[in-house]
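**Q** Please see the structure below; I have some questions.
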Amino acid sequence: MTARISGIDHSAKSTHAESEERIIIRGGKALNGTVRVAGAKNSALKMMAAALLAEDVSIIRNVPDLTDVHMMASVIRHLGAKVTITRNEVIIDARHLTDFEAPYELVSQFRASFVVLGPLLARCKQAKVSLPGGCAIGERRIDLHERGLKQLGAEVGIDHGYVHATAEKLIGTRIYLDRPSNGATENIMLAATLAEGQTIIENAAQDPEIVNLADFVNSLGGQVSGAGTYQIVINGVNQKDLHGGFIDTIPDRLEAGTFMLAALGTGGDLTIEGVNPDHLTAVMSKMAEMGADISVPAPDTLRVRALTQVRATDITTVPYPGFPTDLQAPIMSVLAAADGTSIVTETIYENRFMQVAELRRMGAEIALTGNSAAVVKGVPKLMGAEVKSSDLRAAAALVIAGLTADGVTEVTGLSHLDRGYDRLEEKLQAVGADIYRR
Ligand code: EPU
């Protein structure tokens, strides 16, 4: 149908604009009530890949309903395993694998799939996994994965955009990571599970998702200890020692942090259930400096109350247990309307300030100093605007900004949001937000 207003043909333009799904937020409503977080995306995806290690059936519970989870299921099915997903449970039957290649069409869509490299190499003695490539937030190299697997005795080459690793036998060794990369820690831990002898990963990532993964590997019959510290010890086992595993995915600390920040930014009083407060120490500490009143009414519950005007504070992202890079954009949305000036320093990624230009469209006063620091001068109030997200956490940041702003905000680029947040609008509506998707 042709849209014609005042004799002008608007069809081409409006068809394009209207075809893109958007979240519409009428800002200024305080979030009040109770919300429950889902299982952690960054844990569930890795455990799905780890299930490939055992020639058996594994069950992973409390899995969030996200596009990334369905894409990981596609990768695993492509390799020949069977995957059944019910609402929050994933059953993986990896008794028979038929392929050791994860193709570009699948891997290029989400980087987490690169973690099939370690289990495939260990189980099939070879793996061919597409290089995931960079993304909006940075180069995202894989040199530490490559070096670690080589140290375990694999031959690893890069050919026509694929990482090809082969090893008749992996042999345990001591591996020092130049930086505590999550992905490298995971790939090495999973490959080393079926290596001969002991592997020690020094300067390992210490994130809770690594601990969850190690617990899952141990439920398969693996022998991993020290996860959650800088040194992880993996005693290799034989293929026949592994069997089906069972695990509950830990709560998503990044979803929890997103709700906590939305509560503070909107002047709300929000109870967040199903969390592990120990995973959010850095976030709680920074939010307390910003004026949030945070309590722990039950071991798996946090309450965030905004009792005063939000105050500025400085943030530096660092590996866990430091302040997470994945909450850098969301916290910036709140600092943008804080009393005073904050300096936000990003040390994990080279290019993770994509939200800044969009926040400026909403009236934020943010100056970038190179790619690593942003000076955020708080304004009294953000103003609603049309904004576009460039990555998952930038999308969350724009939703938070919209919830706190005066007037209407329309957020596009929702494919990013759906990769990491399970029913976000529904949950926000239930605690008083005026938000819907069109
Ligand atoms: N790096 C290297 N070489 C490597 C590996 C990493 O230089 O071999 C660099 C990366 O380029 C990056 C930094 O080290 O600058 C951190 O990378 P890491 O390997 O720790 O990240 P990842 O495993 O690719 C996971 C999460 C990210 C999260 C980071 C950091 C998943 C699926 N992704 O990525 O989550 O930001 O750890 O905590 O677990 C998100 O959820 O929005 C997200 C991007």
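The values are calculated or read from the model by the stated rules, or taken from the named source; none is laboratory data. Keep in mind the model is a prediction, meaning the values are calculated, not measured. No Cβ is skipped: glycine too gets one built from the backbone with ideal geometry, and neighbour counts run over all protein chains shown. When the accessible area is computed, the model is the full protein with side chains, heavy atoms only, and any ligands, DNA or RNA have been set aside. Shrake-Rupley method; radii C 1.70, N 1.55, O 1.52, S 1.80 Å.
**Q** Could you list, in sequence order, the residues of the range 311-352 that are in contact with a Leu (Cβ under 6 Å, 6 or more places away or on another chain) and farther than 12 Å from VAL376 by Cα?
**A** Once the filter is applied, which keeps residues that are in contact with a Leu (Cβ under 6 Å, 6 or more places away or on another chain) and farther than 12 Å from VAL376 by Cα, the range 311-352 yields ASP326, PRO330.
**Q** I've got another one for you. What is the residue count in the range 393-416 for residues that are open to solvent by 20 Å² or more (accessible area, probe 1.4 Å) and part of a helix (DSSP H, G or I)?
**A** Total meeting the criteria: 2.
**Q** Pick from ALA54, ALA81, ALA38, ALA94: which is among the aliphatic types (A, V, I, L, M), open to solvent by less than 60 Å² (accessible area, probe 1.4 Å) and within 16 Å of the ligand (Cβ to nearest atom)?
**A** ALA38
**Q** A follow-up question, please. Inside the range 176-195, can you point out the residues that are over 15 Å from SER113 (Cα atoms), within 11 Å of the ligand (Cβ to nearest atom) and open to solvent by 10 Å² or more (accessible area, probe 1.4 Å)?
**A** ASP178, ARG179, PRO180, SER181
**Q** Would you check if GLU365 is within 14 Å of the ligand (Cβ to nearest atom), modelled with pLDDT of 95 or more and in contact with a Lys or Arg (Cβ under 6 Å, 6 or more places away or on another chain)?
**A** Answer is no for this residue.
**Q** Test of understanding: among GLY153, GLY172, GLY148, which residue is of a type in the set (Gly, Ala, Ser) and within 12 Å of the ligand (Cβ to nearest atom)?
**A** That would be GLY148, the only listed residue that is of a type in the set (Gly, Ala, Ser) and within 12 Å of the ligand (Cβ to nearest atom).
**Q** Here is a follow-up. Could you say which residue among PRO103, PRO180 is closer than 26 Å to ASP391 by Cα, assigned by TED's automatic domain parsing to the domain that holds ALA51, in contact with a Pro (Cβ under 7 Å, 6 or more places away or on another chain) and not charged (D, E, K, R)?
**A** That would be PRO180, the only listed residue that is closer than 26 Å to ASP391 by Cα, assigned by TED's automatic domain parsing to the domain that holds ALA51, in contact with a Pro (Cβ under 7 Å, 6 or more places away or on another chain) and not charged (D, E, K, R).
**Q** Still on this model: Read through the list (1) in contact with an Asp or Glu (Cβ under 7 Å, 6 or more places away or on another chain); (2) at pLDDT 95 or above, then give the number of the only condition that GLY33 fails.
**A** (1)
**Q** Next question, about the same structure. Just checking, does the range 228-238 include any residue being within 15 Å of the ligand (Cβ to nearest atom), in contact with a strand residue (DSSP E or B) (Cβ under 9 Å, 6 or more places away or on another chain) and open to solvent by less than 50 Å² (accessible area, probe 1.4 Å)?
**A** Yes, the range 228-238 contains at least one residue that is within 15 Å of the ligand (Cβ to nearest atom), in contact with a strand residue (DSSP E or B) (Cβ under 9 Å, 6 or more places away or on another chain) and open to solvent by less than 50 Å² (accessible area, probe 1.4 Å).
**Q** Considering only the range 293-305, state which residues are open to solvent by less than 10 Å² (accessible area, probe 1.4 Å) and within 23 Å of VAL344 (Cα to Cα).
**A** Correct list: VAL304 only.
**Q** Here is a list: GLN206, GLN198. Which entry is open to solvent by 10 Å² or more (accessible area, probe 1.4 Å), at pLDDT 95 or above and within 13 Å of the ligand (Cβ to nearest atom)?
**A** Among GLN206, GLN198, only GLN206 is open to solvent by 10 Å² or more (accessible area, probe 1.4 Å), at pLDDT 95 or above and within 13 Å of the ligand (Cβ to nearest atom).
**Q** Return the residues of the range 269-286 that are buried (at least 23 other Cβ atoms within 10 Å of the Cβ) and out of contact with any Ser or Thr (no Cβ under 9 Å at 6 or more places or on another chain); say none if nothing qualifies.
**A** Across the range 269-286, the qualifying residues are HIS279, LEU280, VAL283.
**Q** Could you run through the range 306-358 and say how many residues are more than 12 Å from the ligand (Cβ to nearest atom), touching a Gly at 6+ places or on another chain (Cβ under 8 Å) and open to solvent by 10 Å² or more (accessible area, probe 1.4 Å)?
**A** The number of residues fulfilling the criteria is 12.
**Q** In the range 107-152, what residues are in contact (Cβ under 8 Å) with a residue 60 or more places away in the chain, of a type in the set (Gly, Ala, Ser) and not in a helix (DSSP H, G or I)?
**A** ALA136, GLY138
**Q** Further question on the same structure: Would you be able to tell me the number of residues in the range 377-390 that are buried (at least 24 other Cβ atoms within 10 Å of the Cβ) and either over 17 Å from ALA263 (Cβ atoms) or in contact with a Lys or Arg (Cβ under 9 Å, 6 or more places away or on another chain) (or both)?
**A** Residues in the range 377-390 being buried (at least 24 other Cβ atoms within 10 Å of the Cβ) and either over 17 Å from ALA263 (Cβ atoms) or in contact with a Lys or Arg (Cβ under 9 Å, 6 or more places away or on another chain) (or both): 2 in total.
**Q** Among the residues of the range 417-431, is any assigned by TED's automatic domain parsing to the domain that holds PRO324, of a type in the set (A, V, I, L, M), over 17 Å from THR258 (Cα atoms) and not in a loop (DSSP other than H, G, I, E, B)?
**A** No.
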